1. Could you tell me whether region 196-204 includes any residue that is open to solvent by less than 10 Å² (accessible area, probe 1.4 Å), in contact with a helix residue (DSSP H, G or I) (Cβ under 8 Å, 6 or more places away or on another chain) and either among the small types (G, A, S) or within 16 Å of the ligand (Cβ to nearest atom) (or both)?
2. Of all residues in region 255-266 being away from the ligand (no atom under 12 Å from the Cβ) and touching a residue at least 40 places away in the same chain (Cβ under 8 Å), which is farthest from Y182 (Cα to Cα)?
3. Do we find a residue being without any contact (Cβ under 8 Å) to a residue 40 or more places away in the chain and closer than 19 Å to L404 by Cα anywhere in region 517-538?
4. I need a count of the residues in region 486-511 that are assigned to a loop (DSSP other than H, G, I, E, B) and open to solvent by 70 Å² or more (accessible area, probe 1.4 Å).
5. Exactly one of (1) surrounded by 24 or more Cβ atoms within 10 Å (Cβ to Cβ); (2) closer than 20 Å to F571 by Cα is unmet by G460. Its number?
6. Return the only residue of D483, D452, D434, D400 being away from the ligand (no atom under 16 Å from the Cβ), open to solvent by 10 Å² or more (accessible area, probe 1.4 Å) and under 30 Å from S85 (Cα atoms).
7. Residue check: is L311 open to solvent by 50 Å² or more (accessible area, probe 1.4 Å), assigned to a loop (DSSP other than H, G, I, E, B) and hydrophobic (A, V, I, L, M, F, W, C)?
8. Being open to solvent by less than 10 Å² (accessible area, probe 1.4 Å) and part of a loop (DSSP other than H, G, I, E, B) narrows it down to one of S165, S177, so name that one.
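The values are calculated or read from the model by the stated rules, or taken from the named source; none is laboratory data. Keep in mind that what you see is a predicted model, and the values were worked out from it rather than measured. Here the Cβ positions follow ideal geometry from the backbone for every residue, glycine too, while neighbour counts run over all protein chains shown. Ligands, DNA and RNA are excluded from the accessible area calculation, which covers all protein heavy atoms including side chains. Shrake-Rupley method; radii C 1.70, N 1.55, O 1.52, S 1.80 Å.
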Amino acid sequence: MKSLFLLSLSLLLVFNTGLAQQKKAVPPVVQKMNTFINKLMSKMTLDEKIGQLNLLTGGEATTGSVVSTGVEQKIKAGQVGGIFSLTTPARIRKAQEIAVTQTRLKIPIIFGQDVIHGYKTTFPIPLALSATWDMELIQKTARIAAIEATADGINWTFSPMVDISRDARWGRISEGSGEDTYLGSKIAAAMVRGYQGDDLTKYNTMMACVKHFALYGASEAGRDYNTTDMSLDRMYNEYLPPYKAALDAGAGSVMTSFNDINGVPATANKWLMTDLLRKQWGFKGMVVTDYTAVNELIDHGLGDLQTVSALSLNAGVDMDMVGEGFLTTLKKSVKEGKVKQQRIDDACHLILEAKYKLGLFEDPFRYCNEERAKTEILKPEHLVYARKAATESFVLLKNDRQILPLKKSGTIALIGPLANTGSNMPGTWSVNSDLANTKSLLQGMQAAAGTDVKILHSLGANLLADAQYQERATMFGRTIPRDNRPEQEIINEAVKLASQSDVVVAALGESSEMSGEASSRTDIEIPAVQKRLLQALLKTGKPVVLVLFTGRPLALNWENENVPAILNVWFGGTETANAIPDVLFGAVNPSGKLTTTFPQNVGQVPLYYAHKNTGRPLEEGKWFSKFRSNYLDVSNAPLYPFGYGLSYTTFAYSNLKLSKNSFKPGESITASIEVKNTGAFEGKEVVQLYIRDLVGSSTRPVKELKGFEKISLKPGESKTVNFKITEEDLKFYNTDLKFVAEPGDFKIYIGGNSRDVVEAGFSLSK
Ligand code: BGC
């Protein structure tokens, strides 16, 4: 009986259950669900329906400045539909017990959480994870996150965050998959598949929430929560597809963004929430606001709490996070005719549907399992994936004279403010990480080195010279020891150790809280005090390897010129301390590739590879030309282009062939390329395919990623990689917002990054 119920619920997920579709043939599982919910709703008062629209925090571990109060009383009064950030399974169980035993209708609560890059087993920050270009691995990290989180009672994650961002200043660039629409869309879908699996009712799958809808990553000047003003061309072709891809993969919910969009904040934007999301895209799940985003509409200048709550609900929002504007004003708005009861009914229906699809009406405690929590959280197998994901996310930016991999002998001086801090390894938005027990790089290096290598360590420099800035940059327990002696004294101590060693490993860059929410920067270089340390270390004449921690693209011009080896390790999660030595000592050959362009300086931002050509493009081979689109003081080129990343081996690309030079709609063309490992190490390479539409009815980017394949090659080995190109790959939204491929000439580029490519041409005929 139970399994039949589960089967029917899983079938339910296969069908879109929306009101529009219900006019067509409604599958029996959907009918059954609707009958159940309609019957329940017929017993609900208006107050109880509004109560379902209310999402509260558990009163701790919150991510905004407002914290929910009186949660228990509110549950009993039927005023709570969902709770998030309840930190222990016992507290989740207790809240659910109250809901299903002490409320009039015994409706279970949905429990959310920001399970962003893993749960207790923490994976690299999303930007790092995207640098693996490995969809299977990314999906697996989301799967593991779901297995662990659901054991603790969580059934709804506020992930994936799919905001495209091309602004290195924006702190939340660390939470997304970088600058590219195509790659971002693939990752969005993989994450949703990982979280939701093929059956949302299962005890170890959870509902995904795509965020932040929409265009949050384009906030002006990279300042968090700031305004976005964007053309439809850019929206449809560049920023919106990842949200759509997550929804097409079945994501059950959507979170609104904080930002203003062309004059109407997302949380009150009817065009966005209803016309686009529901009508054009056919989304059938529920929409939740971001943290107090309804209340913030007051500061946006849209009216008082009653007005903005009505605006938001009428725009198509179903659930109000934390702010309680819905709870406290909607009844009045119904009475005054400002909100239709039907809109509240629809929102309530969607929230109850989510609970039904999760199987909560069948068993409200399905996701609370102490036994599973004991055996499955931080399971050794999960840690193996965490270590693998971390090593695959690291990007080797420079490696002169093959300084890396390091020999496992002699003396290494491990210097820098990031060397001996475990709490900074998991990265931003890892609320479930066990910070106290996360190993530091120093511990990891000592363990990996064993008795073969002597490791010397000193701080070398504070993270930031300004103590107050350092405090802001090390919040939420991400501590870094601070040394209050004069700067030169601290540097001298490090230089002394460096002089006694064979090689220096400098662990520098950002702390984990220098990126993430409300952590934007206008200076995107390594903090000056750390640079001064680096200069002093280089002066010793010892080979220096920069192990770079960062949650965003940094401007590394000086480092690129002066430091012989740079390994960008981002923030790699629970297993960072083991993963870095894996790569430094060569047990793993780095293969990560950047998913955001690294600029030469902050003035170039936003800098991204898929830009438009302009009417006055700079001539090839030049870096300045008067009356051309460029700068007086710096070339247009990035420091490290999108898709870039070195390996301990080298790869050669040759023999680009097209199966034909022209094809018609309905046909396809195959591009093949031979890739050879020309070095001495076995290694992985991400082979990337880019296309340019040479003539269009509107302007088209100079290059767009349209395919990639990650391959592994032994020394001397070659592989032919094939890419099938169809009309679909050539489509874009034209000025009428029609998704079309226009006949004409195209260029195709293949290479190991977006800059160093081989090219050919083809045409699409009518
Ligand atoms: C963030 C969201 C997050 C929410 C709940 C907000 O401040 O913008 O990404 O999901 O808090 O924690």
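1. Looking for residues that are open to solvent by less than 10 Å² (accessible area, probe 1.4 Å), in contact with a helix residue (DSSP H, G or I) (Cβ under 8 Å, 6 or more places away or on another chain) and either among the small types (G, A, S) or within 16 Å of the ligand (Cβ to nearest atom) (or both), one finds none in region 196-204, hence no.
2. In this case the residue turns out to be D260.
3. Scanning region 517-538 turns up at least one residue that is without any contact (Cβ under 8 Å) to a residue 40 or more places away in the chain and closer than 19 Å to L404 by Cα.
4. Number of matching residues: 3.
5. Going through (1) surrounded by 24 or more Cβ atoms within 10 Å (Cβ to Cβ); (2) closer than 20 Å to F571 by Cα one by one, G460 breaks only (2).
6. D434
7. no
8. Checking each option against the conditions leaves just S165.
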